[in-house]
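First up is the structure itself, then whatever we jot down about it.
The values are calculated or read from the model by the stated rules, or taken from the named source; none is laboratory data. Because the structure is a prediction, the values reported are computed rather than measured. Methodologically, a virtual Cβ is constructed for each residue, glycine included, from the backbone with ideal geometry; neighbour enumeration extends over all protein chains shown.
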Amino acid sequence: MEHHKTWHQIHQASLGFGQRLADKVANGMGSWRFIIIQTLIVLVWMALNVIGFAYHWDVYPFILLNLLFSTQAAYAAPIIMMAQNRQSERDRAQADADYKTNCEAKDEIEELLQKLNSIEIDKLDKILALLEKMDKKG
């Protein structure tokens, strides 16, 4: 049996390196794992700078930490938007594939209906012919 690729497999195969990377970054940043790890890093960062005995590299109000967050947000927003744009492309591809499948199914159903109608007409013709024979004999 011939294996047909799904719309999703075709779409995945068409993605370039940058698109795959953007999807992975967006998926990573949109996870609880990322939020938890980032929260732990921030807490450790603040704790080390508040109670650090020897060296405070980013004293309160944590200007360096704010700069890092601003930089992260500046890159994260367009990467997430690229991933969302591709999600729209995937949705369109899926809708197109569904439409084509529905059209094919509609054509097949119409063919089946025509075959059923021709079978019914053939049966009716045979019944009428039998009735005519019976009528002629009787």
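Can you pull out the residues in segment 50-82 that are loosely packed, with under 11 Cβ neighbours inside 10 Å, hydrophobic (A, V, I, L, M, F, W, C) and in a helix (DSSP H, G or I)?
Passing the criteria: Ile51, Ile63, Ala73, Ala74, Ala77.
Please determine, by comparing only the residues of segment 10-30 that are farther than 13 Å from Ala83 by Cβ and either touching a Cys at 6+ places or on another chain (Cβ under 6 Å) or surrounded by 11 or more Cβ atoms within 10 Å (Cβ to Cβ) (or both), which one is modelled with the lowest pLDDT.
For segment 10-30, the residue satisfying everything is His11.
Among the residues of segment 121-131, is there at least one that is in a helix (DSSP H, G or I) and under 30 Å from Leu15 (Cα atoms)?
Scanning segment 121-131 turns up no residue that is in a helix (DSSP H, G or I) and under 30 Å from Leu15 (Cα atoms).
Confirm whether Asn85 is modelled with pLDDT of 95 or more, assigned to a helix (DSSP H, G or I) and within 31 Å of the chain's Cα centre (by Cα).
No: the conditions fail for Asn85.
Determine, yes or no, whether Asn102 is polar (S, T, N, Q) and within 23 Å of the chain's Cα centre (by Cα).
yes
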